[in-house]
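Here is the structure we will look at.
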């Protein structure tokens, strides 16, 4: 990933926060036929340090399970907020007009060696923990135990676990750091006026720049 120094985010706690807020990762692995990309929600553990461990599950019928090349580095990409940035929001547009559009975004790249965990108890524990995490915002959270026991066992038998101890974390926060404060303020105002959740999340990231 192209990473100018002013866009780099290296604080592990910040990277982990994004990974937990946006747990659906694009996972790139090497198969016998070449690169393979899957989209998998992960449960993040802080241990072992310094970067932690990712745990998830995939279908047994997924070629990622049968064709995974062992002991080859895997990449998991976590996509945070993103927004198109129009130069019309920049104060400097009125001053000299030397402005262009861009796209703001925040992403985390996690690297490590992926292993398959074909263990019924491990998979059940993972599914219960992942479900608890994702159901937490709901007033009446669903639990794995709410479904019939035999039905759950059947569904769990159709999946396997995956685990990746993270060996490298790279974060890119492209949130208008290369713009003067007056342009950053214009970006926040413009994004806030759009009103959608993604734009508001990006507005918060940009606002932190000049808020310092």
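The lone criterion from (1) under 22 Å from residue 203 (Cα atoms); (2) touching a strand residue (DSSP E or B) at 6+ places or on another chain (Cβ under 6 Å); (3) surrounded by fewer than 19 Cβ atoms within 10 Å (Cβ to Cβ) left unmet by residue 92 is number (2). Listed by position, the strands (runs of 3 or more DSSP E) contained in region 5-71 that have at least 3 residues being in contact with a helix residue (DSSP H, G or I) (Cβ under 7 Å, 6 or more places away or on another chain) and either loosely packed, with under 15 Cβ neighbours inside 10 Å or at pLDDT 95 or above (or both) are 53-59.
Of the helices (runs of 4 or more DSSP H) lying entirely inside region 97-212, those containing at least 3 residues that are modelled with pLDDT of 95 or more and under 27 Å from residue 85 (Cα atoms) are 181-194, 197-211.
Of the residues contained in region 73-85, none is found to be within 22 Å of residue 173 (Cβ to Cβ) and in a helix (DSSP H, G or I). Scanning region 7-37 for residues being closer than 20 Å to residue 81 by Cα and touching a strand residue (DSSP E or B) at 6+ places or on another chain (Cβ under 9 Å) gives a total of 19.
Tell me, please, whether a residue that is out of contact with any strand residue (DSSP E or B) (no Cβ under 9 Å at 6 or more places or on another chain) and touching a residue at least 60 places away in the same chain (Cβ under 8 Å) can be found in region 39-62. Yes.
The values are calculated or read from the model by the stated rules, or taken from the named source; none is laboratory data. The structure displayed is predicted, hence computed values, not measured ones. Positions of Cβ are generated from backbone atoms using ideal geometry, with glycine treated the same way; all protein chains shown enter the neighbour counts.
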